[in-house]
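Values quoted throughout were computed directly from the atomic coordinates according to the rules given, and no laboratory measurement underlies them. As the structure is a prediction and not an experimental result, all values here were calculated from the model. Neighbour counts are summed over all protein chains in view; Cβ atoms, including those assigned to glycine, are modelled from backbone coordinates with ideal geometry.
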Amino acid sequence: MKSIYISENNRRMPVLFVGHGSPMYAIEENEFVQTWRDMGDTLPVPKAIICISAHWETRGTQVTAMQQPKTIHDFGGFPRELYDINYPAPGNPELAKETINLIKSSSVLPDEKWGLDHGTWSVIRRIYPKADIPVIQLSLDYNKSPKQHYELAKELESLRDKGVLIIASGNIVHNLREVAWDKPDDQEYGYDWTIEANETVKKLISDNKHNELINYKSLGKAVDMAVPSADHYLPLLYALALKKEDEEVSFFNDKAVMGSLTMTSVKIG
């Protein structure tokens, strides 16, 4: 199948892993939000975006294929202002079809019901507030191993040369059971194990040691505490799988919040 996209000046699109943090960041102003906003001024303008969000887990792999995805408010107990947000970015059925055809390791089904969850729109609306760039989501198959997720992600690599920005959205450290609820505004507070796990993962990313990151359950107690479930960690593997060995990696929003979360994010390329 011939791609529907042609890259501009053969420029390879970067890949982002974004620590998305609290849904409240969709309406609050803080340094993390400002960094996302600044990225809109520095990133090449994509023809479309594929987002892999921690908040869409399915049996089997699915990709949104509707013309106009809805804005999903997949959370509870927040201010009315947050539920009033609509991010009306168009979908892209053609890109969904191309994505399905690219992935050979797994059967991928088109989805007409999901939309854009907050792991996607809370970040992308800050980078591209005009909502004029098509966005589709690729789900996380909860039956796949970390290695299988990593290998599936590799099959998307050619889209980087066709004007498609791939964003993976989760958090390296994400343990809601251990959140320091008494420090909601402290953007410098992390438990010792939070800082240790975050630094361990960053070092392995910098050293291109992807096998160790795939086998994260062997990285010790701090990482065990940091990743009690795989949902927010797996998007990181999607981003890393798309990295060429010699590509530059940089970190941004590299801070802990509320004790047991990190906003640490990765730009590849």
Next on the checklist: Below 11 angstrom from the Cβ of Val18, what's the summed charge of the other residues (Lys, Arg +1; Asp, Glu -1)?
Outcome noted: +2
Item to check | Fewest-first ranking of Leu140, Leu102, using other Cβ atoms within 10 Å as the exposure measure | outcome: Leu102, Leu140
Item to check | Cα-based reach from Lys154 at 14 Å (exclusive), listing aspartates and glutamates while leaving out same-chain residues under 8 positions away | outcome: Glu245
Checklist outcome for this item: At q = 0.13 Å⁻¹, the log10 of I(q)/I(0) for segment 130-248 from a Debye sum over equal Cα scatterers comes to -0.59
Checklist outcome for this item: Computed, not fitted: 222 nm per-residue ellipticity of the chain from DSSP H runs ≥ 4 (each -39500 (n - 2.57)), nearest 500, equal to -8000 deg cm²/dmol
Next on the checklist: I'm a student and want to see the number: the projected area of the Cα convex hull of segment 108-147, averaged over all directions, in nm².
Outcome noted: 4.0
Next on the checklist: What does DSSP give for the chain in terms of the percent of beta bridges that are antiparallel, rounded to the nearest 5?
Outcome noted: 30
Checklist entry - If you find the alpha carbon centre of segment 123-176 and of segment 194-269, how far apart are they in angstrom? => result 15
Checklist entry - Counting every Cα pair in segment 15-268, what percent are over 30 Å apart? => result 21
Item to check | Note, ³J(HN,Hα) from phi for segment 32-48, Karplus 6.51, -1.76, 1.60, rounded to Hz, x at Gly and Pro | outcome: 5, 4, 5, 5, 4, 4, 4, 5, x, 8, 10, 6, x, 6, x, 7, 6
Next on the checklist: Output needed: percent of Cα pairs per 5 Å distance bin for segment 70-147, bins running from 0 to the one holding the longest distance.
Outcome noted: 3, 13, 22, 20, 18, 13, 7, 3, 0
Next on the checklist: For q values of 0.12, 0.16 Å⁻¹, compute log₁₀ I(q)/I(0) with the Debye formula on a Cα-only model of segment 181-269, without solvent.
Outcome noted: -0.36, -0.63
Checklist entry - So, by mean Cβ neighbours within 10 angstrom, what's the order for 228-238, 171-181, 103-113, 23-33 with the highest one leading? => result 228-238, 171-181, 23-33, 103-113
Checklist entry - Under a 5 Å amide H to amide H cut-off, with H placed in plane at 1.01 Å, what residues pair with Ala48 once short-range neighbours are removed? => result Leu165
Checklist entry - In segment 114-153, which chymotrypsin sites (Phe, Trp or Tyr not before Pro) fall in coil by DSSP and have 16 or fewer other Cβ atoms within 10 Å? => result Tyr142
Next on the checklist: Check which residues have an amide H placed less than 5 Å from His55's amide H, if you skip close sequence neighbours.
Outcome noted: Gly119
